[in-house]
Every structure is written in C-alpha cells, then in structure tokens.
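Inspection log for the structure reproduced underneath, given as structure tokens.
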Amino acid sequence: MVATRAVAGTPIDRRELLLRGAAAAAAAAAARVDVGVSRAQLRPAAVRRLDAAVRGAVAVPGRASYENARRVYQLAGPRPRPLAVVTVRDSTDVEALMRWAAREDVAVVARSGGHSYIRQSGGSGAVVADLSRLRNVRVASAAAEVEVGGGVQLIDLNRALAARGALVPTGSCPSVGVGGLTLGGGMGLSARRLGLTCDRLVAATIVTADGRRRRVGARSDEDLFWALRGGGGSFGVVTSLRFAVHRASRAAWASMSLPWAHADEALARWQELAPAAPRALTAILSLSAGGPPQVSVIAQHFGSEAELRRLLAPLARIDGASLSTGVDGLLGLARRWAGCLDGPLAACHTQGTARGGTLQRSSFAASSIYLVRRLDEAGRRALLARVASRSGSGTVILDAYGGAINAVAADATAFVHRDVLASAQVLSYHAPGAGGEARTWVRGTRAALERHGARGAYANYADARLENFEREYWGANRTRLREVKRRVDPDGRLVFPQAVGT
C-alpha cells in the first residue's frame, strides 16, 4: 500500500479516516510481528460494552481465543491483527455489533470463509464479524430454492443440495464461504450452464452500517440487491442468502493431460472450443511450470459421457493427449474438483474450521485478467514463455466464459465481465515470508497478457497491486456501486483495503 500524507486544508471524510486507521494498524502489526499485542487495541470499557452487546464469543488481544479466531486461509505476509473477532450467533448479533461499532467509531469487516487472497477479512485495525456459526442450509420442499447462512462452506452446501437432487453453481474450493463467493461473483464448473453463483441469488438478508436488518431482492431495495451480486462485501454484513436451485443428479466429467511440446496447439484449440461450446460444457485449461511444464484440462458437461468426449475431440486428437472421462453424482463431482475425492467428507474442510478438516492453509501470490479476444500466435507464445521460464511454482488457469455467464447484461448485476472469452488466474505458491519471486512472476505474467489485449480482473481473485482496482473489478458499474455505498454506508463503516469507495 502506498503511504499517503494529508495536505493542510484538504478535507478528509470519515471513510478515509477509518481506512487510514486500519492501514496504520496493519503497518504497526507488520513492523512488530514478534510483539504479542498490537498497538491498536480497543479500550477495556469498549470491550466490556461489546461483550454486553452480543451473545456470540468475543476474542480480543490477550484472550486465549484470539490467536485461533484471527486465522485466515492466506498465510503470506504478517498475520492480521483485528481489534476483535466476534463470532456472531445470528442477525440480531450483527445488528448489535453494528450499533456498537457506530458508537465506538470503529470499522467492521465481515468474514464468511476467510479465503480472501489478500486477507481482507482478516480485519487489521477493525472488528471482524465472523459468520462461521451461520451454517444453516434449508432446502424448500419443492427443492426450487435454498436458504443458506452467510458462513456456509461450499462443500456443505453441495452435500445438502446433492441429497435433494439439486445444485447451485459454486466454485471448486470446498471450504470457501458461500457469502464471500457470491458477493464477488462465483465462477465454477457449472457456470456456463447455470451462470455465476451471484446470478442464482434471489434474495439476501443484510445488516447495514446503521444496524438495520434488511431483506433485499428484485422487488425490495433493488439497488442494494444489484450491488450484492458481484460488488463485494462493502455494503453490510450478509447473514443469509436465498438461491434458485437447478434440478440435476449427475453430470459427465473429463480430465486431460497434454504434452508441453504441443502447448501452443492446445491453447489455440482450447480458445476456439471452450468459450463457444454448448452451455452444458465448462472447460478449464491450466498451464503449470515444472520440469517439464504441464498442460491440463478439466471439464464438466451436463450431458452424456459420449457427448463430452465428442466435444473435447479437437483437444484429444493432439499428439500425446491423454483423456479420462466418467459420470458421477453431484457430490462426487464437487469432491473431485475440490481435490478431496477420497476419504471422509469432513476432510474437505480447512483444518480448524470444521471437525475432521484436513485441508492446509496456503501462502501464495495471485492475480487475474480477462481475455476479451483470442490470444494470437504472439500472445500465446508470450504466455507460454512466462510459464516455461518459471523455475518455481507457477500456474495460469484459464476458465472459459460464454454461455449463461455472458447471457446476462453487463449492467444487470454488479458483476460486469459479461463480454469476455475467459478469465486467466495467475498463481504462484511459496513458503511463508519468501514470496518476492512469486509476486514478481505473477505481476510479469499478468503484464504480458495485458500487452496482448487482456484487461480487467476478477474481484474474488483479489490483487493488492492493481493500480485501479475499482476499474479493473467493476468497470462502468463502479459509479453505481459508489452511489449505493454512499446511501447504505455514508460513514464508511464497512472498510477494508479494496472496499468500494464513496
């Protein structure tokens, strides 16, 4: 974050003051990582008032619960040091928390699953509203809609819906919180058939900065409902979400590996095939550094296995390609894409977030950019050269768009990227405290794609180094998002590094 200095006579609004306070606390924590207590703390009297205001557990520095309560998924960088973490029990707790925050003049950050790439729900300098106890999943009797708590993890939603022969399109990481995923968009292997997660949202319960609980939908507070579908977590604390479900029981899957010697041919054919394929098919291509580098494709098809093999034939005909296909139930597919197909279902949770969870937290650098047109030969070679030259961890994951995703108008929801061919996620894992090379490679790879016509970025793959994140994430929709923010949070109570401004 670039340091700023106030100019004499220049007015600073309350949002800026809160943001600077949060940033200062984060900087203090970063400079004093070996010190047990951050300089930014709540006054004892404020803590007592918080304890009295809510029924959920309150963790503050000095209490035994604090170290565990402040954990998030991303391990890169100094650990977040929130003023407090409140594990809320329900919407009533959130209402009380927001009223307390207004009286005490502190910022609030919501945490659904804690998977922000840049740890925005870590809450340094703010109070975290931890939604992890809000995990109810209620499927309507006709299985047409499902109401879920803001802290439900994706694997638990998938399990509950699969048992009813239904699904909502979600991402593949099983322990991501459905609230955060939806607010940023929600891309996954069902998206070209069913749309993004936010496209299936029909209503939500949100507590805004004034401590007011609102039920929003297409006919109730339409602007706020619009903002929640892809505009991020800047507008309040979303405690429950209602989705329209799709009735299904199974789908076909495919996994393919291709030799690096034919990577250019594979990339060219994938670009022609995947974004223009029938909606039933979503195909994802990955380019991974290594010795040698690797090309792989995974795909899901709401149709027969034979149809899937026919659709993927242009890729399967490449010399050296190896293709595996099959058919599975919805929960089996979710576990396959999550990488936890074997063992007990409980293992699909991150350690410490649910009993039996075995998934490890990670340290990584990441960014994203959208392909708005096919990469030409020069663009493909530039991308492949970036991957081939990487000696450490490095992957570029291309998610095909089109289909139901692009059938939605760019201004119909806050999620604006409705005219692209694919998203490119650039990812590099590294040891905690040793991410310099990883960040450099990620930035360079994104820049290489930008030079060949790519643009924009996906808010759920947050990147702190974007020069203008509002433009990159939300394009022309950022103006309306700012208007909604001014109306529901005029003081900037919900604030974090990449919150929508006012």
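A short reminder: the numbers here are calculations on the coordinates, not readings from a lab. Source: prediction; values computed, not measured. Every residue, glycine among them, receives a Cβ derived from its backbone with ideal geometry; neighbour counts consider all protein chains shown.
What relative contact order, as a whole-number percentage, does region 217-373 give when Cα pairs under 8 Å and 6 or more residues apart are counted? Kindly include the intermediate steps, with their values, before the conclusion.
Numbers: 183 pairs, mean separation 35.7, N = 157.
Relative contact order of region 217-373: 23 percent.
Short version: ³J(HN,Hα) in whole Hz for each residue of region 276-292, in order, from phi by Karplus 6.51 cos²θ - 1.76 cosθ + 1.60 (θ = phi - 60°), x for Gly and Pro, what are they?
Using θ = phi - 60°, the values come out as 9, 5, x, 4, 5, 9, 10, 10, 10, 10, 10, 10, 10, 5, x, x, x Hz.
Are there trypsin sites (Lys or Arg not before Pro) in region 212-266 that DSSP puts in a loop and that have at most 10 other Cβ atoms within 10 Å, and which ones?
On the way: sites: Arg212, Arg213, Arg214, Arg215, Arg219, Arg229, Arg242, Arg247, Arg250; in loops: Arg212, Arg219, Arg229.
Counting only loop positions with at most 10 other Cβ atoms within 10 Å, the trypsin sites (Lys or Arg not before Pro) in region 212-266 are Arg219.
Report, by chain and number, residues whose modeled amide H sits under 5 Å from the one on Ser240, excluding near sequence neighbours (fewer than 5 apart, same chain).
Distant-sequence amide H within range of Ser240: Gly150, Thr205.
For region 328-338, just list the computed ³J(HN,Hα) in residue order, Karplus coefficients 6.51, -1.76 and 1.60, θ = phi - 60°, integers in Hz, with x standing in for Gly and Pro.
So the J values, rounded to whole Hz, are 8, x, 4, 5, x, 5, 4, 5, 4, 5, 7.
Could you give me the ³J(HN,Hα) list for region 248-260, computed from phi with Karplus coefficients 6.51, -1.76, 1.60 and θ = phi - 60°, whole Hz, x at Gly and Pro?
After applying 6.51 cos²θ - 1.76 cosθ + 1.60, I find 6, 10, 7, 7, 8, 10, 9, 9, 9, 10, 9, x, 4 Hz.
Residue separation times 0.36 nm, minus the C-alpha to C-alpha distance between Ala140 and Arg55: what's the value? If you can, show how the numbers build up before the last one.
Numbers: separation 85, 0.36 × 85 = 30.60 nm, distance 2.89 nm.
Extra length available between Ala140 and Arg55 comes to 27.7 nm.
At a threshold of 8 angstrom on Cα-Cα distance, excluding pairs fewer than six apart, so keeping six or more, what relative contact order does the chain reach in percent? If you can, show how the numbers build up before the last one.
Working: 1160 pairs, mean separation 82.4, N = 502.
Answer for the chain is 16 percent.
Taking amide hydrogens as modeled 1.01 Å from N in the peptide plane, which residues meet the under 5 Å criterion relative to Glu145, leaving out close sequence neighbours?
Residues meeting the criterion, in which the H sits 1.01 Å from N, are Ala140, Val245.
Run the numbers for Arg374 and Ala476: contour at 0.36 nm per residue of separation, minus the present Cα-Cα distance, in nm. Could you put the intermediate results ahead of the total?
Details: separation 102, 0.36 × 102 = 36.72 nm, distance 2.29 nm.
Full extension of this stretch gives 34.4 nm more.
Would you tally the net charge around Val408, using a Cβ to Cβ cut-off of less than 10 Å, leaving Val408 out, and scoring K and R as +1, D and E as -1? Provide the component values of the computation, followed by the final result.
Values: positive: Arg229, Arg418; negative: Asp199, Asp411.
Residues near Val408 contribute 0 overall.
Tell me the net charge near Gly186. Cut-off is 15 Å between Cβ atoms, Gly186 excluded, with +1 for each Lys or Arg and -1 for each Asp or Glu.
Working: positive: Arg192, Arg193, Arg200, Arg229, Arg242, Arg418; negative: Asp199, Asp399.
Surrounding charge for Gly186 is +4.
Taking 8 Å as the Cα distance limit and 6 or more residues as the minimum spacing, I'd like the relative contact order of region 324-363 as a percentage. Present the calculation step by step, with values, prior to reporting the outcome.
Values: 32 pairs, mean separation 9.2, N = 40.
It comes to 23 percent, rounded to a whole number.
Just to confirm my understanding: which cysteines in the chain have no other cysteine beta carbon less than 4.7 Å from their beta carbon?
Taking the Cβ cut-off of 4.7 Å, the unpaired cysteines of the chain are Cys173, Cys198.
Could you tally the net charge around Val396, taking each other residue with its Cβ under 12 Å from the Cβ of Val396, Lys/Arg +1 and Asp/Glu -1?
On the way: positive: Arg380, Arg386, Arg390, Arg446; negative: Asp399.
Result for the neighbourhood of Val396: +3.
Taking amide H atoms as placed 1.01 Å from N in the peptide plane, list the residues 5 or more away in sequence, or in a different chain, whose amide H sits under 5 Å from that of Val327.
Residues meeting the amide H criterion: Trp253.
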